[in-house]
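A.B. asks: Right, I'll just put the structure down here and ask away after.
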Amino acid sequence: MFHYTIICFLLIFSFYLSFSLETIDLSWDLNNETIYVAGMQKFNFSKQVASTSQRGYWYSFKEFCVAEHGGTHFDAPYHFHQSGWKVGDVPLSRLFAKGAFLNMEEEHLKMGRDTRLKVKDLENWETRNGKFSENSVLLVKFGRSKFWQNRTLYLDLEGETMHFPGLSKEAAQWIANSKKIIGVGVDTPSIDPGNSTDYIAHRILAENSLYNLENVKLLTDLPETGFDLVVAPMKIEEGTGAAVRIFAIVNN
Ligand SMILES: [Zn+2]
């Protein structure tokens, strides 16, 4: 009888969990259409085998070539800081994080193609939600994911120069100083604005051991706080970056 009660309880509990937790995929597919900035190796299957063997069983394998920094990807601190962690060095404790979400889409529409995330935007987030939690990853939605299917629109190219929003230097410094935020994700190819030449946000965050998530798929809004994030980069030991699978777990 006791066991029966426990089993019933577990069934009801798992039923409850399956309805109260929503898992949202924040990674774009890797395929031949995946967006890379100029000069980067696009995703490409360099070898493909698919056949039925003489013994009658199906057999398939592929090999691929790809740049570290393209599609939805992870920037290790070493990318912009010589003594920073490489992908394989980033502690696992930093890959399961508290999520924080900041919607900058309206600001981007108002301020245009070179919009910068400002300190005021971060302070306003804290006014609404309280201080950022320990071990937080901040996801900033500029509303660029809807252009993912069109490289020219997504990169907003003007000749060779790209134009998409990003973090201001001051906002990057504020984030680093918070000591609570361990990573920043954006729905653009870079946390620095597209027309940046000094990559100052990358440099500040890398020096402070933060990682970046770029080309995050942010088609829907997340709650500003109260969700978890799983960040799982391919474990390229010496990598400066890697393709990353990210998902949010939202408790509805
Ligand atoms: Zn990158």
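A.B. asks: If a residue must be away from the ligand (no atom under 13 Å from the Cβ) and in a loop (DSSP other than H, G, I, E, B), how many such residues does the range 197-207 contain?
C.D. replies: The total comes to 2.
A.B. asks: Additional query: Please determine, by comparing only the residues of the range 173-196 that are surrounded by fewer than 24 Cβ atoms within 10 Å (Cβ to Cβ) and away from the ligand (no atom under 16 Å from the Cβ), which one is nearest to E33 (Cα to Cα).
C.D. replies: N195
A.B. asks: Which residues, taken from the range 86-110, are assigned to a loop (DSSP other than H, G, I, E, B) and within 16 Å of the ligand (Cβ to nearest atom)? Outline the logic, then answer.
C.D. replies: First pass over the range 86-110, keeping only residues assigned to a loop (DSSP other than H, G, I, E, B): 86, 90-91, 95, 104.
If the condition is that a residue be assigned to a loop (DSSP other than H, G, I, E, B) and within 16 Å of the ligand (Cβ to nearest atom), then K86, V90 are the ones that fit.
A.B. asks: Can you tell me which residue within the range 208-252, out of those that are among the acidic types (D, E), away from the ligand (no atom under 16 Å from the Cβ) and not in a strand (DSSP E or B), is nearest to A100 (Cα to Cα)?
C.D. replies: First, pick out the residues of the range 208-252 that are among the acidic types (D, E): 214, 221, 224, 228, 237-238.
Narrowing further to those that are away from the ligand (no atom under 16 Å from the Cβ): 221, 224, 228, 237.
Next, only the ones that are not in a strand (DSSP E or B) stay: 221, 224, 237.
Values: D221: 11, E224: 5, E237: 28 Å.
So the residue we want is E224.
A.B. asks: With the condition kept exactly as written, say whether any residue in the range 90-106 is aromatic (F, W, Y), open to solvent by less than 50 Å² (accessible area, probe 1.4 Å) and either over 18 Å from the mean Cα position of the chain (by Cα) or modelled with pLDDT of 95 or more (or both).
C.D. replies: yes
A.B. asks: Moving on to the next point. If you scan the range 21-33, which residues turn out to be in a loop (DSSP other than H, G, I, E, B) and either under 15 Å from the mean Cα position of the chain (by Cα) or free of Cβ contacts under 8 Å to residues at least 24 places away in the same chain (or both)?
C.D. replies: Selection gives L26, S27, W28, D29, L30, N31, N32.
A.B. asks: If you don't mind, another one. Give me the pairs: first residue in the range 69-85 and in a strand (DSSP E or B) and modelled with pLDDT of 95 or more, second residue near the ligand (Cβ under 9 Å from one of its atoms) and open to solvent by 20 Å² or more (accessible area, probe 1.4 Å), beta-carbon distance under 8 Å, and six or more apart or on different chains, which are they?
C.D. replies: If the second residue must be near the ligand (Cβ under 9 Å from one of its atoms) and open to solvent by 20 Å² or more (accessible area, probe 1.4 Å), the pairs left are D75/H69; D75/T240.
A.B. asks: Scanning the range 62-79 for residues that are within 12 Å of the ligand (Cβ to nearest atom) and open to solvent by 10 Å² or more (accessible area, probe 1.4 Å), which turns out farthest from Y36 (Cα to Cα)?
C.D. replies: Y78
A.B. asks: If I filter the range 89-96 for residues that are in contact with a strand residue (DSSP E or B) (Cβ under 8 Å, 6 or more places away or on another chain) and polar (S, T, N, Q), do I get at least one hit?
C.D. replies: No.
A.B. asks: Look through the range 129-172, keep the residues that are surrounded by fewer than 19 Cβ atoms within 10 Å (Cβ to Cβ), among the charged types (D, E, K, R) and outside any loop (DSSP other than H, G, I, E, B), and return whichever of them is nearest to the chain's Cα centre (by Cα).
C.D. replies: Taking the candidates together, the pick is K146.
A.B. asks: I would also like to ask the following. When you look at E207, is it open to solvent by 40 Å² or more (accessible area, probe 1.4 Å), more than 22 Å from E123 (Cβ to Cβ) and modelled with pLDDT of 95 or more, yes or no?
C.D. replies: Yes, satisfied.
The values are calculated or read from the model by the stated rules, or taken from the named source; none is laboratory data. Nothing here was measured: the structure is a model prediction, and the numbers come from that model. Every residue, glycine as well, gets a Cβ built from its backbone with ideal geometry; the counts of neighbours run over all protein chains shown. These area figures cover heavy atoms from the full protein model, side chains too; ligands, DNA and RNA do not enter into them. Shrake-Rupley method; radii C 1.70, N 1.55, O 1.52, S 1.80 Å.
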